[in-house]
Amino acid sequence: MKLRTRLIIVFLSILIIPTIVFYICLRIISANIGLVELDVANQIMALVFLLLLITASFFCTWIYYSIFSPISKLNEAMKEIRDGNMECVLEPQTHDEIGELFQNFEEMRLRLKESAEEKLKYDRESKELISNISHDLKTPITAIQGYMEGILEGVADTPEKQEKYLRTVYNKAKDMSRLIEELTFYTKIDTNKIPYNFSKINVYNYFSDCIEEVGLELESKGIILGYTNSTDKDTLIIADGEQLKRVINNIISNSVKYLDKAQGIIDIRVKDSLDSILVEIEDNGCGIAPKDVPKVFDRFYRTDASRNSLKGGSGIGLSIVKKIIEDHGGRIWCTSTEHIGTVMHFVIRKYQEVYRS
Ligand SMILES: Nc1ncnc2c1ncn2[C@@H]1O[C@H](COP(=O)(O)OP(=O)(O)OP(=O)(O)O)[C@@H](O)[C@H]1O
Ligand SMILES: [Mg+2]
């Protein structure tokens with residue numbers, strides 16, 4: 001039964017039932033006891049009926065406007081949400097249960113809107129990811145096809161040429177496998193499928209070991225490595241040592257990749273910064289144009305300069321770095337001067353500060 005019908009029944013009941021009961025009582029009284037004249041009884045009856053009519057009309061109208069009207073507004077808003085329109089705002093106008101209902105509806109609408117927007121963003125990013133993956137995989141596959149055709153059709157007619165072709169094919173296949181590995185890692189880390197192994201790490205020892213490791217590799221490439229650590233020797237951070245190494249290696253591999261000077265220099269500085277440690281990795285490479293600096297941490301972003309160069313890469317390295325640092329509760333940013341060099345800065349909170357707060 002509709003609310004409106006129920007209200008009409010209530011209205012009629014308030015009006016008719018007391019009228020009939022009162023009328024019967026009055027008739028009995030006038031017939032049996034003779035206290036009231038029939039005419040007077042009829043007049044009293046008409047007066048009572050009028051009073052009841054006014055009261056019932058007033059209360060029914062009041063109930064109608066305070067319940068039925070907000071419910072129909074809520075109903076309309078629900079229909080809008082069902083049809084995908086998340087913009088229908090219901091402002092609570094009263095401080096009663098209906099106002100509370102509107103308030104809850106408004107909160108629900110905002111949450112739904114947020115998750116609908118998140119889903120749209122996720123869908124857009126997934127599409128972008130697929131198109132980027134296909135683009136990045138297509139390049140080495142086309143090269144592999146070309147070189148294999150060269151070998152099959154006898155263009156590589158000397159053992160040296162054949163070896164060169166095969167080596168290129170091998171390198172391209174390695175590029176593809178590296179890209180797939182990075183993408184798989186990124187997808188896992190992005191969907192929180194990689195559990196971090198957080199532990200207390202001594203900053204001084206950790207960075208000394210790291211520098212020793214990368215130092216050998218950089219030395220073999222003729223790059224000068226500078227290192228200073230001005231933190232206290234007993235400073236601790238909570239971090240996943242392996243993932244933090246991934247961060248450092250990724251940043252350093254960029255410094256190496258984008259070096260354009262005869263003598264490459266990489267300087268690593270670890271400093272105290274209030275309740276955090278600040279790590280700066282500076283290189284004297286080609287630098288990044290000011291317009292690109294804020295975008296280098298975006299997934300698949302590569303500057304025009306590196307896109308147009310022969311340096312391979314998919315623009316995923318720094319997005320992984322950013323995700324790892326943020327999952328450690330830290331922050332990463334970059335400063336750079338074109339043709340002079342780049343500094344990557346990141347902060348990670350110290351152990352004791354985390355526990356004090
Ligand atoms: N040290 C640096 N010097 C100059 N440019 C840099 C440096 N680090 C990053 N960039 C720029 O930022 C872009 C994004 O870096 P990122 O590491 O995410 O991708 P990539 O190196 O191109 O590819 P990938 O790391 O996935 O192999 C690079 O393409 C490059 O243009
Ligand atoms: Mg990189």
Query raised in the report: Does the range 68-79 include one or more residues that are farther than 30 Å from Glu117 by Cβ and without any contact (Cβ under 8 Å) to a residue 12 or more places away in the chain?
Result: yes
Report task. Tell me, yes or no, whether the range 293-309 has at least one residue that is surrounded by fewer than 16 Cβ atoms within 10 Å (Cβ to Cβ), within 27 Å of Asn202 (Cα to Cα) and either within 16 Å of ligand 2 (Cβ to nearest atom) or in contact (Cβ under 8 Å) with a residue 40 or more places away in the chain (or both). Result -> no
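Listed here are the residues, each with its yes/no results for (1) within 16 Å of ligand 2 (Cβ to nearest atom); (2) at pLDDT 95 or above; (3) within 19 Å of Met344 (Cβ to Cβ).
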site	(1), (2), (3)
Asn192	no, no, no
Asn197	no, no, no
Asn229	no, yes, yes
Asp234	no, no, no
Tyr258	yes, no, yes
Report summary line: Given (1) within 16 Å of ligand 2 (Cβ to nearest atom); (2) out of contact with any helix residue (DSSP H, G or I) (no Cβ under 8 Å at 6 or more places or on another chain), Val247 misses just (2)
Requested in this report: Give Thr235, Thr184, Thr158, Thr231 a once-over and let me know the one that is within 36 Å of the chain's Cα centre (by Cα), β-branched (Val, Ile, Thr) and not assigned by TED's automatic domain parsing to the domain that holds Gln263.
Outcome: Thr184
Query raised in the report: Does Asn249 qualify as being under 26 Å from Asp209 (Cα atoms), within 12 Å of ligand 1 (Cβ to nearest atom), surrounded by fewer than 17 Cβ atoms within 10 Å (Cβ to Cβ) and not hydrophobic (A, V, I, L, M, F, W, C)?
Result: yes
Requested in this report: Looking only at the range 254-264, decide whether some residue is assigned to a helix (DSSP H, G or I), in contact (Cβ under 8 Å) with a residue 40 or more places away in the chain and either away from ligand 1 (no atom under 13 Å from the Cβ) or not small (Gly, Ala, Ser) (or both).
Outcome: yes
Requested in this report: Determine the pairs where a residue that is on the phi > 0 side of the Ramachandran plot, located within the range 314-337, has a partner that is within 11 Å of ligand 1 (Cβ to nearest atom) with Cβ atoms under 8 Å apart, the partner being 6 or more residues away or on another chain.
Outcome: Gly315/Asp298; Gly315/Arg299; Gly315/Phe300; Gly315/Tyr301; Gly315/Arg302
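The values are calculated or read from the model by the stated rules, or taken from the named source; none is laboratory data. If you're wondering where the values come from, they're calculated on a predicted model, not measured in any experiment. We place every Cβ from the backbone using ideal geometry, glycine too, and count neighbours over all the protein chains shown.
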